[in-house]
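Beneath this line is the structure, given in structure tokens, with notes to follow.
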Amino acid sequence: MKHREHHPAIGIGLFFIVLGLALLVATNDLLNLGSTSEYFTWQTALIFIGVLLMLNFRVVGGIILISIGTWFFLKHYYFEIPHTLEVMYWPSVIIIIGVFFLLTSLFGKKEQNS
């Protein structure tokens, strides 16, 4: 399988774009969380880093960090998570990671055969 690499400036550019979007959401209180400090927590930091990993083609690590950050974010802001979400969340994350590996394997083989 070919390893995708890109110029370091792309990663830096993506970092600033995602940071700018996060600041727009926080300063305009688009998620109705309250003050700007409510947006910048360790949970949102995990989500932010996960998004950056995914944008840099580190999908599995990104999914894991986004999932962990989202889970604790929901636990913190919605003191009682609906039962259906609670029992389906982690199995769904594992299934998404499995689907990613399958798709990567299938598309990787097609590129090798070409």
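Any read-out appearing in this document is the output of simple, stated calculations on the displayed coordinates, not a laboratory observation. Remember, it's a predicted structure, so these values are computed and weren't measured experimentally. When we count neighbours, we look across all protein chains shown, and the Cβ atoms used for this are built from the backbone with ideal geometry, even at glycine.
Points worth noting:
- Oblate is the label for the chain, because a/c, from the alpha-carbon gyration tensor with a ≥ b ≥ c as root eigenvalues, is 1.5 or above and a/b does not exceed b/c.
- Relative contact order %, the stretch 1-91, counting alpha carbon pairs below 8 Å whose residues are six or more apart: 21 percent
- Two-site label geometry, Ile17 and Val60: point separation in nm, points 7 Å out along Cα→Cβ: 2.6 nm
- Think of the chain as having a plus end and a minus end, set by charges on the Cβ of Lys, Arg, Asp and Glu; of Val25, Leu52, Tyr89, Leu52 sits farthest toward the positive end of this dipole.
- Assuming charge only on the beta carbon of Lys and Arg (+1) and of Asp and Glu (-1), the dipole of the chain about its Cα centre is about 520 debye to the nearest 20.
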